[in-house]
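The values are calculated or read from the model by the stated rules, or taken from the named source; none is laboratory data. Since the model is a prediction, treat every value here as computed from it, not as a measurement. Cβ: placed from backbone, ideal geometry, glycine included. Neighbour counts: every protein chain shown.
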Amino acid sequence: MKVNADLLEKYHNDLCTLQERAAVEDWLMNTEVDELEFHSGKDKSLVKNEIWADLVAMSPQEISKVKPIKPASYYMWKGAVAATLFIAVLGSIFYYLANNDDKTVEFLAFHNKSALKVNHISSKEYSLAVGPETSAEINAHSGVIDLTGSILISPKKDIELKFDGADSKINLKKGQTYIILNSKSGNHGLIIVNERNLISLPPVIQRKLIQEFDI
Amino acid sequence: MLPMPLPLISMKTNIIKCLSFFFILLFISWFFACKHTPSVDQPKKYSMHLLDMEGKEYIVTTDDLDKGLIKPENVTEALPDTISRNMIVKDGHYYSLQRKSDIFTKYTLKDNQLFAVAHLQLQDYNEENFLWVGKDTLLLSGLNNLSNTAKYYLVNTKEMKVLAKGSLDVQKPQGKFISMSIGFVQKRQDTLFVGYTVHPPIQGGNYTSSDTTYISQLTYPEMKSIGLQKDIRSTYPAGINTVQHNEFTNEQGDFYFMSCPGIAMGNRTDLPTAIFRIKANSSVTDPNYFFNLSSSVISNHAYGLWYVGGGKAIIRSERKDLYKGLSDHYSTPHFEFYLLDIINQKVIKKLDLPLDKGTRKECVLVNGDSVYIAVNSATDGNFIWKYNLKNGKLTKGLQLGGVSAFIVRLDRLLN
């Protein structure tokens with residue numbers, strides 16, 4: 001499907017069909033695409049002129065008073081400015097759409113049955129080291145994570161997770177590493193601690209984590 | 001031979017050359033002037049180790065704990081990840097073991113930042129305790145990576161040289177016990193007392209300790225065993241003194257240590273937090289001395305024991321009615337400070353301080369008749385409080401503001 005200004009407008013007004021939406025998103029994601037098709041060459045210059053008129057209106061009056069001799073390159077720059085602006089606007093819309101999702105993430109269910117080895121999982125949103133004899137199940141309804149064992153999680157963006165045993169959602173910050181421990185039968189319950197603060201844990205637990213995760 | 005007179009054009013080029021040379025010189029000198037070479041700071045009397053809410057750490061120093069306000073972000077930068085709060089502070093220097101690399105580093109302060117002056121590569125070593133056995137002689141005691149062998153390094157800190165190293169001849173964990181914790185190392189002439197306990201493996205999230213405090217007597221400096229005492233009155237003797245002190249020697253040379261069976265250390269909550277004594281003329285714990293804090297008016301577990309002189313000590317005890325578990329043990333303000341009569345095994349009084357937070361902290365410092373206590377209160381802010389031992393008055397002193405969330409160390413940097 002050819003992406004044109006009409007389709008883009010529909011997209012931003014959220015009126016696209018699934019197929020159209022996919023086409024626009026493909027076009028947005030793809031770097032090697034044809035130039036955006038305007039309805040006609042006339043439209044293109046019209047849009048350019050409108051943008052330029054807006055620009056002039058916004059800029060201080062003194063500038064418009066000065067009427068320099070316009071060299072040939074002026075027209076080239078005019079087009080470039082308009083194109084840059086257009087791309088910038090499109091880019092910000094895309095950025096806005098891409099970043100508008102909240103901090104909730106898809107958390108994977110896992111089960112590491114090994115008594116010694118650590119499993120590593122990497123997703124778009126976080127990287128995870130799963131400790132020995134550790135499992136996590138996710139309640140499909142509530143999204144609450146039922147963890148048994150120990151994990152080391154490094155979010156790639158700020159995320160929120162809800163664990164069974166915690167009163168509220170846990171905020172995990174991008175670039176930090178957190179140790180999360182839980183045990184149903186054990187005597188410590190759910191513990192969430194920044195790796196930097198490992199030292200505040202009981203020494204016996206510290207040593208086990210250091211050995212397991214090689215941290 | 002004299003040079004020939006230069007033609008005009010060549011003179012012009014020469015002037016340009018000279019000028020550009022001059023400018024390059026100017027630029028270079030400006031560049032070097034900007035490349036600030038910091039000089040070693042004149043050390044201040046006191047050092048504080050701070051933690052912010054993101055787990056970043058800062059070191060700030062001062063000569064005056066009685067008043068003022070320090071915002072760490074205004075005076076220094078956060079410490080690199082390689083430096084942690086389990087430090088040894090003495091005579092203007094900081095000593096810290098990098099957990100991952102086993103590199104033991106000596107630091108000084110330059111422009112309010114830690115600056116490494118010397119390194120020592122240690123091997124398969126995790127630090128538990130330290131003891132100054134001389135002005136520049138430091139005895140480090142710890143465990144191997146499997147936590148089942150007690151090791152030591154004797155270090156000359158002036159030259160940063162290892163004088164001796166090896167294993168401490170103490171009983172290895174046996175039977176169902178697979179790891180150990182060294183609680184204290186104390187030296188008397190040519191004898192070393194090593195207090196420790198052992199642990200079973202953590203299974204299904206259960207961590208715990210043996211019900212016994214072991215005290216080995218070793219010859220010094222050979223580190224060979226000449227005796228072993230088992231005391232079952234409580235367990236986990238004295239904790240980890242690079243993080244928090246739980247032991248002291250008084251004016252008479254009697255050695256006191258506190259057991260730490262609470263959830264933050266040994267997790268044998270059925271046993272009491274209690275103070276033990278090894279008298280100066282004895283080589284075993286005094287059977288007639290057992291200051292049971294858990295059965296006293298405090299009726300809680302405690303971590304942190306500091307001698308303040310004149311037969312008195314301060315302990316930092318938890319409030320089990322205020323925290324939920326290990327998960328909020330460090331973030332909930334629930335710690336209280338009590339003044340104890342050590343000789344007569346009596347609780348003198350609870351100090352009228354706001355509830356403090358942070359599981360284990362080195363937060364009490366004695367200076368003559370003044371005891372400085374670092375308290376992180378959720379309501380009153382972060383302050384160094386001053387307790388006057390003469391008149392029993394408590395006053396608010398230096399405030400730690402800005403990003404400060406926990407004052408995890410309060411040390412004397414200079415005597």
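Test B:Ile202 against the stated conditions and say whether it is free of Cβ contacts under 8 Å to residues at least 12 places away in the same chain and farther than 27 Å from B:Tyr256 by Cα. Judged against the criteria, B:Ile202 is a match. I'm trying to understand the selection: among the residues of segment A:98-122, which are surrounded by 14 or more Cβ atoms within 10 Å (Cβ to Cβ) and either under 21 Å from the mean Cα position of the chain (by Cα) or modelled with pLDDT under 70 (or both)? Within segment A:98-122, A:Lys103, A:Val105, A:Phe107, A:Ile121 qualify. Going through (1) of a type outside the set (A, V, I, L, M); (2) within 17 Å of B:Ser259 (Cβ to Cβ); (3) surrounded by fewer than 21 Cβ atoms within 10 Å (Cβ to Cβ) one by one, B:Gly309 falls short only on (2).
In this structure, does B:Ser317 turn out to be in contact (Cβ under 8 Å) with a residue 40 or more places away in the chain, more than 14 Å from chain A (Cβ to nearest Cβ) and in contact with an Asp or Glu (Cβ under 6 Å, 6 or more places away or on another chain)? Yes; evaluated as a whole, the condition is true for this residue.
Taking the conditions (1) at pLDDT 95 or above; (2) at negative phi; (3) within 14 Å of chain A (Cβ to nearest Cβ) in turn, B:Leu218 satisfies each one other than (3). Taking each residue of segment B:223-239 that is farther than 27 Å from B:Gly304 by Cβ and looking for partners that are assigned to a loop (DSSP other than H, G, I, E, B) with beta-carbon atoms closer than 8 Å, six or more apart or interchain, yields B:Met223/B:Leu168; B:Met223/B:Asp169; B:Lys224/B:Asp169; B:Ser225/B:Asp169; B:Ser225/B:Val170; B:Gly227/B:Ser283; B:Leu228/B:Val170; B:Leu228/B:Gln171. If I filter segment A:148-161 for residues that are acidic (Asp, Glu), more than 13 Å from chain B (Cβ to nearest Cβ) and in contact (Cβ under 8 Å) with a residue 12 or more places away in the chain, do I get at least one hit? Yes. Just so you know, in segment B:327-359 the residues that are of a type in the set (A, V, I, L, M, F, W, C) and either assigned to a loop (DSSP other than H, G, I, E, B) or touching a Pro at 6+ places or on another chain (Cβ under 7 Å) (or both) include one that is surrounded by the fewest Cβ atoms within 10 Å (Cβ to Cβ), and it is B:Ile343. I'd like to check something: does segment A:138-161 contain any residue that is modelled with pLDDT of 80 or more, of a type in the set (Gly, Ala, Ser) and either closer than 22 Å to A:Ser185 by Cα or more than 27 Å from the chain's Cα centre (by Cα) (or both)? Looking for residues that are modelled with pLDDT of 80 or more, of a type in the set (Gly, Ala, Ser) and either closer than 22 Å to A:Ser185 by Cα or more than 27 Å from the chain's Cα centre (by Cα) (or both), one finds at least one in segment A:138-161, hence yes. Summed over segment A:167-215, residues that are farther than 20 Å from B:Lys361 by Cα, at the interface with chain B (Cβ under 8 Å from one of its Cβ atoms) and assigned to a helix (DSSP H, G or I) total 3.
If I filter segment B:263-270 for residues that are away from chain A (no Cβ under 14 Å) and crowded, with 23+ Cβ neighbours inside 10 Å, do I get at least one hit? No, the conditions are met nowhere in segment B:263-270. Would you say B:Asp369 is farther than 22 Å from B:Met48 by Cβ and among the charged types (D, E, K, R)? The answer is no for B:Asp369.
Taking B:Ser295, is it at pLDDT 95 or above, exposed (fewer than 15 other Cβ atoms within 10 Å of the Cβ), over 20 Å from the mean Cα position of the chain (by Cα) and of a type in the set (S, T, N, Q)? Yes: the conditions hold for B:Ser295. Assigned by TED's automatic domain parsing to the domain that holds A:Arg196, in contact (Cβ under 8 Å) with a residue 40 or more places away in the chain and surrounded by 15 or more Cβ atoms within 10 Å (Cβ to Cβ) - does that describe any residue in segment A:133-146? No: zero hits. What residue, among those in segment B:79-106 that are closer than 22 Å to B:Asp136 by Cβ and assigned to a loop (DSSP other than H, G, I, E, B), is farthest from the chain's Cα centre (by Cα)? Step by step, filter segment B:79-106, then rank; the result is B:Asp102. Kindly indicate whether any position in segment A:109-127 is within 13 Å of chain B (Cβ to nearest Cβ), part of a loop (DSSP other than H, G, I, E, B) and either of a type in the set (Phe, Trp, Tyr) or touching a residue at least 24 places away in the same chain (Cβ under 8 Å) (or both). No - not one qualifying residue is present in segment A:109-127.
Here is a check on your reading of the model: is B:Val284 more than 14 Å from chain A (Cβ to nearest Cβ), surrounded by fewer than 17 Cβ atoms within 10 Å (Cβ to Cβ), in contact (Cβ under 8 Å) with a residue 24 or more places away in the chain and not in a loop (DSSP other than H, G, I, E, B)? Here the answer is no, as B:Val284 does not meet what is asked.
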